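Worksheet for the structure shown next.
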Amino acid sequence: MAGKYRKMKKALFCPNASRIGRSRYEVKAGDLILFKQEYQDGSTGQVLARVLGLATHAGNGEKYPKPRLAVLAAGDALNHGFERHVPVEDVAQVFDPGDFTRWFLFGNMPETELAYSLVEYGGMSNNYLAKFLTSPEGDLRKDWRDVAFKRTS
């Protein structure tokens, strides 16, 4: 049985989230997060996830003392996803799924020399990609899904 969910009406404060760079400490539906997860062997790691809403009850019907983030967590190789209910205290980083994420996962790859020169310049950030990476079919910031999935109007 799946948990019970509700929409997020406002952003939630994540007390342990990083505020470095483009990271934020408030999370809303649609954001990407890295959350802390403890594994069976006692080690911990961070998992990438997309926030869907709030989970009010666990899968067994038990009500949480306070709502948790209902997320779609990505597997290590980004080849599958799974449902998780994450306490806001376990969120390590909050960020928008910006241009770099969309390009990295779905965009047209630049010529090898351009890719190396972008990395050599100091990295491939959202701002840098927004300026320099466009596809022959159009601006990836506006129609990246059409380009990535070769959709036609």
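Readers should treat all values here as calculations from the given coordinates under stated rules, not as data from a laboratory. None of these values were measured; they are calculated from a predicted model. We place every Cβ from the backbone using ideal geometry, glycine too, and count neighbours over all the protein chains shown.
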message: Net charge within 14 Å of residue 78 by Cβ-Cβ distance, Lys/Arg positive one each and Asp/Glu negative one each, not counting residue 78 itself?
response: +1
In region 1-74, the GluC sites (Glu not before Pro) that fall in loop regions by DSSP, at most 14 other Cβ within 10 Å: 62
task: Could you pull out which residues in region 7-41 have an amide N less than 12 Å from a spot 7 Å beyond the Cα of residue 96, following the Cα-Cβ vector?
output: 22-24, 31-32
- request: Mind running the shape call on region 1-74? Use the C-alpha gyration tensor, a ≥ b ≥ c as the square roots of the eigenvalues: rounded below 1.5 for a/c, prolate if a/b tops b/c, oblate otherwise.
  value: oblate
